[in-house]
Ligand code: CMC
């Protein structure tokens, strides 16, 4: 058969069938299982949305209660994992700590039974429950403190902020953080989800699936961009510097962090919602001048990059929200991972339902067949 044309980055090549999430990149519309994201962000909770993504329908009251209780029961991590984290270099990146600790869960729950529905449920619950605990634990450990235990009376988002900051969060802050998790929970076949599906297709365990996805999310072209956005805004310094800075960046062929998307040719709908959330936070807890800088950059970039279909993506405003919540910059991507675990697990489950191992072909561009020569003869 004639080989399919080579498409760098698999642009436009369907690599799976999926009923989890749909993106309309021309109109800027995103749905999870058919539900518009803005409705979920304003009315659902992260755990309800995770349930929807993974099992395909919104839960009933009993199903939601049971899921929330199961997740709450499995939030703690073994002292062995906490001790392992104490041996990690405190200057290491929290995404590396998360990737290692997510993979280590496979050592504890090694009985792999992919055809047993109870095993699937227990892996889903454990991963959704323990990933935030591990992110918060590394944060305290690297500051030389002991991690604190989850609190049963706090809901998912509030408990994470509590474990991270050792303070019970303001209810509005917790609600906004929960909405951020909903916004980041799923986004079709992005790089980390593709990585999760490739790993899943070998029928390995779900902890390896999530660990490989965490490693993929960490890069600056993917989840790592949210951390780089604040650094970039810091470099620009003030709104009057935006236009000259952008001209220099474009002339130097530099990528503007938090801009551009393979799927969207308009502003990412998640960026629109995040902006509203940021403004709610500023109204309650005080304005952040970096937001004015970001809006100025969006405005100037719309003239210079808009005609090419390059607009703010999800990473552009998320950092400003997290910064207002007092979260350190290098935890922005681990937080993305906490949320995206729901999407990765939905894709893991979907992949298992119609599995065929991923094994694409390549176009060989190397040397023709030739004979090995002894070292002295080369
Ligand atoms: N700033 C300036 N120019 C850009 C940008 C940007 N952020 N993004 C794309 N372009 C230009 C690019 O230079 C190229 O121009 P030309 O055709 O003249 O050479 C054209 O647009 C196509 O870019 P591409 O890199 O081939 O597009 P892609 O679909 O392969 O990459 C992307 C998508 C998100 C990796 C890219 O837009 C990018 O690197 N953005 C900055 C990093 C970023 O914000 N990543 C977060 C992505 S969203 C959520 C997530 O995954 O975390």
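Overview of results
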{"item": "Residue identified as modelled with pLDDT under 95 and in contact with a helix residue (DSSP H, G or I) (Cβ under 9 Å, 6 or more places away or on another chain) among 255, 267, 296", "result": "255"}
{"item": "Inter-residue pairs, beta-carbon under 6 Å, first at pLDDT below 95 and in segment 360-371, second part of a loop (DSSP other than H, G, I, E, B), 6+ apart", "result": "363/6"}
{"item": "Residue within segment 178-190 that is within 21 Å of residue 284 (Cα to Cα), more than 16 Å from the ligand (Cβ to nearest atom), in a helix (DSSP H, G or I) and modelled with pLDDT of 95 or more present", "result": "yes"}
{"item": "Segment 269-295: number of residues that are within 16 Å of the ligand (Cβ to nearest atom) and either without any contact (Cβ under 8 Å) to a residue 12 or more places away in the chain or more than 23 Å from residue 30 (Cβ to Cβ) (or both)", "result": "0"}
{"item": "Subset of segment 219-252 (residues that are part of a loop (DSSP other than H, G, I, E, B), at pLDDT below 95 and within 11 Å of the ligand (Cβ to nearest atom))", "result": "219, 220, 221, 222, 223, 224"}
{"item": "Sole residue being closer than 26 Å to residue 16 by Cα, assigned to a helix (DSSP H, G or I) and within 15 Å of the ligand (Cβ to nearest atom), chosen from 348, 344", "result": "344"}
{"item": "Every residue from segment 255-292 that is part of a loop (DSSP other than H, G, I, E, B) and closer than 18 Å to residue 222 by Cβ", "result": "255, 256, 257, 258, 260, 261, 262, 263, 264, 268"}
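Each row is one residue, and each column tells you yes or no for (1) at pLDDT 95 or above; (2) outside any helix (DSSP H, G or I); (3) assigned by TED's automatic domain parsing to the domain that holds residue 158; (4) under 20 Å from residue 217 (Cβ atoms).
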| residue | (1), (2), (3), (4) |
| --- | --- |
| 72 | yes, no, yes, no |
| 85 | yes, no, yes, yes |
| 97 | yes, no, yes, yes |
| 101 | yes, no, yes, yes |
| 111 | no, yes, yes, no |
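The values are calculated or read from the model by the stated rules, or taken from the named source; none is laboratory data. Computed from a predicted model, the values in this text were never measured in an experiment. For neighbour counting, all protein chains shown are included, and Cβ atoms are generated from backbone atoms with ideal geometry for every residue, glycine included.
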